[in-house]
Every structure is written in structure tokens, then in C-alpha cells.
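**Q** Dumping the structure here so I can ask a few things about it.
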Amino acid sequence: MTARPRAGARGFAASLIDWHARHGRHDLPWQRRRTAYRVWISEIMLQQTQVATVIPYYERFMQRFPDIGTLAAAPLDDVLHLWSGLGYYARARNLHRAAMCIAEQHGGRFPRSFEAVAELPGIGRSTAGAILALSRGGRFPILDGNVRRVLSRHFAVEGSASDRAVIEKLWALSDECTPADHVDVYTQAVMDLGATVCVRRNPSCATCPVSATCVARLAGRQHELPSPRPARTRRQRQVFMLAAVREDGGVLLERRPEKGVWGGLWCLPEFASAAQAAYYVRRMLQGAPARPVPLETVEHAFTHFDLVITPLLAHCSGSAGVPDPAAQIRWYRARAPARLGLPAPIRLLLERLAGAAAVQV
Ligand code: SF4
């Protein structure tokens, strides 16, 4: 990380810094008062997620958790509640864990050394570099998806990003391109270039500040680079979810295990088959019908598979009890919702139930 930049790489950085002054993004919420904490939260939220989607989540998160201490002291449910709908919930769990770690091991102050930052849960090499470069001007290279695409094209790096040798080459290029001065501006500039100009489909080479030296453009190969990852076959997963509804409008939810899909979030109880759901209803819920009624399916796309949920509606009489008081189970009231992390399709299902007056609130 201390290599001196080569002349070509210096030109690359200088062109980007100059371009950013005129065309870069300067008014994003995390660009105001750039503390390590604020940059950290933005970098995590921006992983796999567009800026426009992130902004309202970021604003709400900062309002509720303005500093590390507040985040560390909050219940995980509060954090997941504000993350609901943003997806990739391991990010939220790691943020919370990292905040507690900073509170316990670093006196509540965001660590200053690269090594200490990179050791925090959910922070890898690129994110640690981005936080320290953007908030403190530390000279650290970054290699997020956008930067990978820009460097792959500009320097015509062949091979898939799943290949370790390719990644190492890109890290070396990123290091060479990272200037000694104005690192914060350069880092923002290269990320912005990837997000707004050198985009995945149809890059705007005509407006690109480094088009004169871009090997891919000169060879007319912008659309071939970076080399695509080998395609994976997409799976479909079918599940059944029990929508058990009490007379007072409560809907039965259970917290999912920490590991796996929607880890730590609250969800309708899930079953592999309708028969398993019916067995659960008979054993656990008072006054419920022998066979719950299937409702319209809900589909949700994850990165590598599609989830198809068949909700099964079962009204319970009286005040059906919580089946297992020790389990992570609760009755959720649509009219007075608790602050819980709910996956987007479950929120949708609960709204549907309430809207159809199936939930008698
Ligand atoms: S010239 Fe085109 S392909 Fe090359 S870096 Fe710029 S936008 Fe990307």
C-alpha cells in the first residue's frame, strides 16, 4: 500500500480529481460532516444498493442512531426495523455487532488504524480503505464493484473477478492509481465514475475523463470487460408460511435464526409443506381450522434464487396462547406495530392481511 504511483496512474488520478470538481456528486447526505461513523454507515448501506434507495434509509438511521454509542446501546430489533426493506440483513447485524465492539474495545471511538477497522464485523479491505480515505484522507486503495469495473476496462484486465489472480492484479492497479494527495476526492471520484459514467451497460465513454487512455475504449471492447462471472443456474424455492390471526388482530410471528435467509428478522412461521403447517396449527393453536386456507402466493427474488411463498391463513379463536413461551415468538398487531425487523415480502403480506380485513383490527 505504499507503492509510488506510476506516471500513467498519476494521470488517471489527476483526470478523475479534475473531473470530480465539475461533475462529481457533492451533496449526498454522508458527504456532509464526513466523520468515520457517517461514512461507515453509508458505505455499508451502499453495498449492493443504489444511492437513491439508500438516501431515505440513511437519513432515518442517522436520526435514530446519530453516533456509535447510540447504535451500540440499541436493541438489534431497532436496527433491523430501520433496515427493513433494504435487504442483505447481515449488513445490519454486523453494523450492530461492530458498534458494540467499538464501544467495548475502542472506548466508543471509531478506530484509527487500518488493521483495527478491517477487523470489525462486516468491514473488508475495500470498505476499510474507503472509510479511512473518505473521512480522514488516509492513502488506502479501494476495490468495490464500481472501481473493479473501471479499472478492468481502463487497463484491459482480462479474466473473471472470481479468479484470485485477477483480483490481486486489480488491487495492485488500484494501489498504483491511488494518489498521495487528495485521496478523499480521488476515492469519491473513482466510485462516482463507476456509478454514473462507466456503468455496467452502455458506459458513457464520450463524457469520460479518462477515455483518451482507456484501453477498452480504444479497442472498442468496453462491453466485453470486465469478463462476466460464470453464470449460475437460478433456483426456485417453495415454502409455506402460516398466517395465524387472532381475534384481536394479532398475527403470529417468529424470529428467524441468526444464520441464513433473513437472519434475526421476524417472519411468519415457515414450513416445507402445507401438511406440516396444518400439523403445527392442530397442535399449537386453539380454535384454529384443521386446514389453513391458502392465499395468493408472494414471490421474492434473492441474488441466487427465487422464493415463492404460499401463505396459509388460520383464524384462531379467543386468545390463542403463544405456543412456546421460550421460543422467539410473538403476536404482531398491525394497528400498533412493534419496532421489529420485517422482510419486505412479510411486511407486504401483513399489509395484505390487514387490508383484506382478514386481520380484524
Ligand atoms: S472510456 Fe468508457 S469504458 Fe473506459 S473507463 Fe471511461 S466510461 Fe469506462
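**Q** Glu104 fails exactly one of the following numbered conditions: (1) modelled with pLDDT of 95 or more; (2) assigned to a helix (DSSP H, G or I); (3) of a type outside the set (Lys, Arg); (4) open to solvent by less than 40 Å² (accessible area, probe 1.4 Å). What is the number of that condition?
**A** Unmet for Glu104, out of (1) modelled with pLDDT of 95 or more; (2) assigned to a helix (DSSP H, G or I); (3) of a type outside the set (Lys, Arg); (4) open to solvent by less than 40 Å² (accessible area, probe 1.4 Å): (4).
**Q** Got a sec? Which of Ser135, Ser211 is closer than 20 Å to His20 by Cβ, open to solvent by 10 Å² or more (accessible area, probe 1.4 Å), without any contact (Cβ under 8 Å) to a residue 24 or more places away in the chain and not hydrophobic (A, V, I, L, M, F, W, C)? Can you show your working first?
**A** Numbers: Ser135 fails: without any contact (Cβ under 8 Å) to a residue 24 or more places away in the chain.
Going through Ser135, Ser211 in turn, just one is closer than 20 Å to His20 by Cβ, open to solvent by 10 Å² or more (accessible area, probe 1.4 Å), without any contact (Cβ under 8 Å) to a residue 24 or more places away in the chain and not hydrophobic (A, V, I, L, M, F, W, C): Ser211.
**Q** Which ranges mark the helices (runs of 4 or more DSSP H) fully within region 150-243 that have 2 or more residues being more than 16 Å from the ligand (Cβ to nearest atom) and within 18 Å of Gly24 (Cα to Cα)?
**A** Values: elements: 164-177, 183-196, 215-218.
Where helices (runs of 4 or more DSSP H) fall fully within region 150-243 and carry at least 2 residues being more than 16 Å from the ligand (Cβ to nearest atom) and within 18 Å of Gly24 (Cα to Cα), they are 183-196.
**Q** Filter region 310-335 for residues that are polar (S, T, N, Q) and at pLDDT below 85 and give the result. Don't jump to the end; show me each part of the working.
**A** The initial filter retains those residues of region 310-335 that are polar (S, T, N, Q), namely 310, 317, 319, 328.
Correct list: Ser317, Ser319, Gln328.
**Q** While we're here: Among (1) within 21 Å of Arg112 (Cβ to Cβ); (2) open to solvent by less than 10 Å² (accessible area, probe 1.4 Å); (3) in a helix (DSSP H, G or I), which single condition is Pro141 missing?
**A** Against the list (1) within 21 Å of Arg112 (Cβ to Cβ); (2) open to solvent by less than 10 Å² (accessible area, probe 1.4 Å); (3) in a helix (DSSP H, G or I), Pro141 comes up short only on (3).
**Q** Quick one: would you say Leu307 is under 22 Å from Glu247 (Cα atoms) and of a type in the set (A, V, I, L, M)? Explain how you work it out, then say what you get.
**A** Details: under 22 Å from Glu247 (Cα atoms): no; of a type in the set (A, V, I, L, M): yes.
No; evaluated as a whole, the condition is false for this residue.
**Q** Follow-up. Here are Ser135, Ser126: which of them is outside any loop (DSSP other than H, G, I, E, B), in contact with a helix residue (DSSP H, G or I) (Cβ under 6 Å, 6 or more places away or on another chain), of a type in the set (Ser, Thr, Tyr) and more than 24 Å from Glu258 (Cα to Cα)? Working first, answer last.
**A** On the way: Ser126 fails: in contact with a helix residue (DSSP H, G or I) (Cβ under 6 Å, 6 or more places away or on another chain).
Of the residues listed, the single one that is outside any loop (DSSP other than H, G, I, E, B), in contact with a helix residue (DSSP H, G or I) (Cβ under 6 Å, 6 or more places away or on another chain), of a type in the set (Ser, Thr, Tyr) and more than 24 Å from Glu258 (Cα to Cα) is Ser135.
**Q** Moving on. Looking for whichever is part of a loop (DSSP other than H, G, I, E, B) and at pLDDT 85 or above here; the options are Leu340, Leu349. Which one fits? It would help to see each step written out before you state the result.
**A** Working: Leu349 fails: part of a loop (DSSP other than H, G, I, E, B).
Every option except Leu340 fails the conditions.
**Q** Could you tell me which numbered condition Arg229 fails, if it satisfies all but one of (1) assigned by TED's automatic domain parsing to the domain that holds Ala314; (2) modelled with pLDDT under 95?
**A** Going through (1) assigned by TED's automatic domain parsing to the domain that holds Ala314; (2) modelled with pLDDT under 95 one by one, Arg229 breaks only (1).
**Q** With away from the ligand (no atom under 16 Å from the Cβ), assigned by TED's automatic domain parsing to the domain that holds Tyr332, buried (at least 19 other Cβ atoms within 10 Å of the Cβ) and modelled with pLDDT under 90 as the only criterion, which of Gly250, Gly260 stands out? Break it down into steps so the answer makes sense when it comes.
**A** Values: Gly260 fails: buried (at least 19 other Cβ atoms within 10 Å of the Cβ).
The unique qualifying residue is Gly250.
**Q** Another question, if that's okay. Which members of region 230-259 meet the condition of being touching an Asp or Glu at 6+ places or on another chain (Cβ under 8 Å) and of a type in the set (Asp, Glu)?
**A** none
**Q** Among the residues of region 261-303, how many are of a type in the set (A, V, I, L, M, F, W, C) and in a helix (DSSP H, G or I)? I'd like the intermediate steps shown before the answer.
**A** At the first step, the residues of region 261-303 found to be of a type in the set (A, V, I, L, M, F, W, C) are 261-262, 265-268, 271-272, 274-275, 277-278, 281, 284-285, 288, 290, 293, 295, 298, 301-302.
Among the residues that remain, those that are also in a helix (DSSP H, G or I) are: 274-275, 277-278, 281, 284.
Number satisfying all stated conditions: 6.
The values are calculated or read from the model by the stated rules, or taken from the named source; none is laboratory data. Worth saying up front: this structure is predicted, and the values here are computed from it rather than measured. Neighbour counts are summed over all protein chains in view; Cβ atoms, including those assigned to glycine, are modelled from backbone coordinates with ideal geometry. In case anyone asks, the SASA skips ligands and DNA or RNA and just uses the protein heavy atoms, side chains included. Shrake-Rupley method; radii C 1.70, N 1.55, O 1.52, S 1.80 Å.
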